[in-house]
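Scroll down for the structure; my scribbles are underneath it.
The values are calculated or read from the model by the stated rules, or taken from the named source; none is laboratory data. Treat the numbers as computed from the prediction; the structure is a model and nothing was measured. Every residue, glycine as well, gets a Cβ built from its backbone with ideal geometry; the counts of neighbours run over all protein chains shown. Just the protein is used for accessible areas: all its heavy atoms, side chains included, with ligands, DNA and RNA removed. Shrake-Rupley method; radii C 1.70, N 1.55, O 1.52, S 1.80 Å.
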Amino acid sequence: MALRILGVSCAIFMGTWVLTGGKDAAPATTTSAFCKIIWLIGVPCTEVNSAIVTQIKAMGSYTLSSVTSAAIQANHTSGVGQIESVNFTMTPTSVILGCHVQGTSVSAVWYSLFDNGINFCNLRNVIKGSGLYKAPGFLEFTNEWLCLGCGFSAC
Ligand SMILES: *[C@@H]1O[C@H](CO)[C@@H](O)[C@H](O)[C@H]1NC(C)=O
Ligand SMILES: *[C@@H]1O[C@H](CO)[C@@H](O)[C@H](O)[C@H]1NC(C)=O
């Protein structure tokens, strides 16, 4: 269900972008490129946490800043002078054994309102590389208001 909503939202965003030449599609309040994604994953947060940390350590373009049981902070370098702040916060779900994860990625320097999906890929690549997307009950939610470049990028 959430995956279908994601697909539809991204498709609408892409259509808007094509129609306006990309000038008006991003939220008016945006001051730097950003992306927020929410995942529901049917495994305990402790497992989610260690899978994300292991994956970030394995990827050369990320630098871990701090790790607690509830939050993981890292920087991602996407090019010369282009650094994004990447956070994952984890909250246990109350009804079933699982974990609610919120990922945010924000460009440290404003260099382009349309970021070619860099912030989207910063988050997606970690979850994909960690294998968490194969976990039971995996759901992903974002849309064009939460995530610049949603649906454009081939990460
Ligand atoms: C992450 O980036 C911020 C802002 O560019 C910087 O202040 C901080 O020292 C960086 N942290 C690490 C661990 O590189
Ligand atoms: C990550 O968390 C730190 C500390 O709370 C905050 O300064 C930074 O802006 C956050 N970055 C993102 C992308 O949310």
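Summary table
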{"read-out": "Unmet criterion (only one of (1) touching a Pro at 6+ places or on another chain (Cβ under 6 Å); (2) under 16 Å from Asn122 (Cα atoms)) for Cys45", "value": "(2)"}
{"read-out": "Unique match (being touching a helix residue (DSSP H, G or I) at 6+ places or on another chain (Cβ under 6 Å) and closer than 17 Å to Leu40 by Cα) among Ile96, Ile72", "value": "Ile72"}
{"read-out": "Condition check for Ser78: within 16 Å of ligand 1 (Cβ to nearest atom), touching an Asp or Glu at 6+ places or on another chain (Cβ under 9 Å), polar (S, T, N, Q) and closer than 17 Å to Leu146 by Cα", "value": "no"}
{"read-out": "Selection within segment 72-82 - open to solvent by 70 Å² or more (accessible area, probe 1.4 Å) and within 11 Å of ligand 2 (Cβ to nearest atom)", "value": "Gln73"}
{"read-out": "Segment 127-151: number of residues that are of a type in the set (A, V, I, L, M, F, W, C), open to solvent by 60 Å² or more (accessible area, probe 1.4 Å) and part of a loop (DSSP other than H, G, I, E, B)", "value": "1"}
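To keep it simple, each residue is scored yes or no on (1) within 21 Å of Cys150 (Cα to Cα); (2) of a type in the set (Asp, Glu); (3) within 14 Å of ligand 1 (Cβ to nearest atom); (4) outside any strand (DSSP E or B).
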| residue | (1), (2), (3), (4) |
| --- | --- |
| Trp39 | yes, no, no, no |
| Glu47 | no, yes, no, yes |
| Lys57 | no, no, yes, yes |
| Gln73 | no, no, yes, no |
| Ser85 | yes, no, yes, no |
| Phe88 | yes, no, no, no |
| Thr91 | no, no, no, no |
| Gln102 | yes, no, no, no |
| Asn116 | yes, no, no, yes |
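Conditions (1) basic (Lys, Arg); (2) open to solvent by 40 Å² or more (accessible area, probe 1.4 Å); (3) in contact with a Lys or Arg (Cβ under 6 Å, 6 or more places away or on another chain); (4) within 22 Å of Ala33 (Cα to Cα), marked per residue:
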position: Lys57; (1), (2), (3), (4): yes, yes, no, no
position: Val67; (1), (2), (3), (4): no, yes, no, no
position: Phe88; (1), (2), (3), (4): no, no, no, yes
position: Cys99; (1), (2), (3), (4): no, no, no, no
position: Ser105; (1), (2), (3), (4): no, no, no, yes
position: Leu123; (1), (2), (3), (4): no, no, no, yes
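For (1) within 16 Å of ligand 2 (Cβ to nearest atom); (2) among the aromatic types (Phe, Trp, Tyr); (3) over 12 Å from the mean Cα position of the chain (by Cα), each residue gets a yes or a no:
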| position | (1), (2), (3) |
| --- | --- |
| Leu40 | no, no, yes |
| Val43 | no, no, yes |
| Gln55 | no, no, yes |
| Thr63 | yes, no, yes |
| Ala70 | yes, no, yes |
| Thr93 | no, no, yes |
| Gly103 | yes, no, no |
| Gly117 | yes, no, no |
